[in-house]
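A quick write-up on the structure given underneath.
The values are calculated or read from the model by the stated rules, or taken from the named source; none is laboratory data. Predicted, not measured: the structure shown is a model, and the values here were computed from it. Positions of Cβ are backbone-derived with ideal geometry, glycine not excepted, and every protein chain shown enters the neighbour counts.
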């Protein structure tokens, strides 16, 4: 019987119906810790004997791959694969598959919600009204705003269209040779100088350095709204915090904090920060699409794999 490890939190907290697709193949399904990310020490005893792995965002170390002697394929229930050491996996003959675009709608809608919340100061209004303070801040509208969308993949394209529907003037940063019509393609440094709002929808840089640096923050338009629903490593958080203090950045809205505390606690608690705990892909629809696609990717892979 083929053994499949399932570790995403959204699939293990309460067993998702997509898991039945795997059982219908006659496979044994093994779960990681229920409802939370597995740690390296917890993965090591689970992987021996597993030929497939339906994985989440948990870090997958070289040590973990070394324990997976029978593993043939890792199928992510999402599009991001920066938690997987791809060269190490390739060297061991392990295929890596993605549920590309399954979470695009959920992330795009969260981005739009954060944009509206930022320009209307919802986070401050809610907090102060609950404290018994009647404070009205003059907001602005997305209509007529200059917006820079960094990354024009499935999520970035949806975000660009949603913001354009509000009347925003959208331009795009995209290194790949893809058409961005009807949106103008610009360089990041150029776009940052004129944008009222910048939203990130790209993978982390291969070198590991942040994309949004202190220099870019200093050269951006004063009062910038910065939204990050992509990866924490894309921004220099120290530079963002400094920009919030000086007013160079008006609002930082992020869905990519790693935990409630840790070294991001100063940002999470800042009054000019809108913080959400990885809600982008956490909609019923996104979870369902990603789970089914990840399971079907495993089924297709093994249908063509030699026994």
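Below, the figures for the structure above:
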quantity: From the options 199, 213, residue that is on the phi < 0 side of the Ramachandran plot and either outside the structural domain of residue 113 (by TED's automatic domain parsing) or buried (at least 21 other Cβ atoms within 10 Å of the Cβ) (or both); calculated: 199
quantity: Criterion violated by residue 65 - all others in (1) outside any loop (DSSP other than H, G, I, E, B); (2) farther than 23 Å from residue 231 by Cα; (3) in contact with a strand residue (DSSP E or B) (Cβ under 6 Å, 6 or more places away or on another chain) satisfied; calculated: (3)
quantity: Single condition residue 78 does not satisfy, out of (1) in contact with a helix residue (DSSP H, G or I) (Cβ under 9 Å, 6 or more places away or on another chain); (2) assigned to a loop (DSSP other than H, G, I, E, B); (3) more than 19 Å from residue 277 (Cα to Cα); calculated: (3)
quantity: Subset tally (residues that are surrounded by fewer than 21 Cβ atoms within 10 Å (Cβ to Cβ), within 17 Å of the chain's Cα centre (by Cα) and assigned to a loop (DSSP other than H, G, I, E, B)) for the range 141-171; calculated: 1
quantity: Selection count, the range 46-57, where residues are surrounded by fewer than 15 Cβ atoms within 10 Å (Cβ to Cβ) and either within 23 Å of residue 98 (Cβ to Cβ) or without any contact (Cβ under 8 Å) to a residue 12 or more places away in the chain (or both); calculated: 0
quantity: Residue check for residue 291: out of contact with any strand residue (DSSP E or B) (no Cβ under 7 Å at 6 or more places or on another chain), assigned by TED's automatic domain parsing to the domain that holds residue 71 and surrounded by 21 or more Cβ atoms within 10 Å (Cβ to Cβ); calculated: yes
quantity: Meets criteria (exposed (fewer than 13 other Cβ atoms within 10 Å of the Cβ), assigned by TED's automatic domain parsing to the domain that holds residue 230 and in contact with a helix residue (DSSP H, G or I) (Cβ under 8 Å, 6 or more places away or on another chain)) for residue 109; calculated: no
quantity: Qualifying positions in the range 2-27 - part of a helix (DSSP H, G or I) and under 22 Å from residue 49 (Cα atoms); calculated: 9, 11, 12, 19, 20, 21, 22, 23
quantity: Residues being buried (at least 19 other Cβ atoms within 10 Å of the Cβ) and more than 23 Å from the chain's Cα centre (by Cα) - total across the range 3-18; calculated: 1
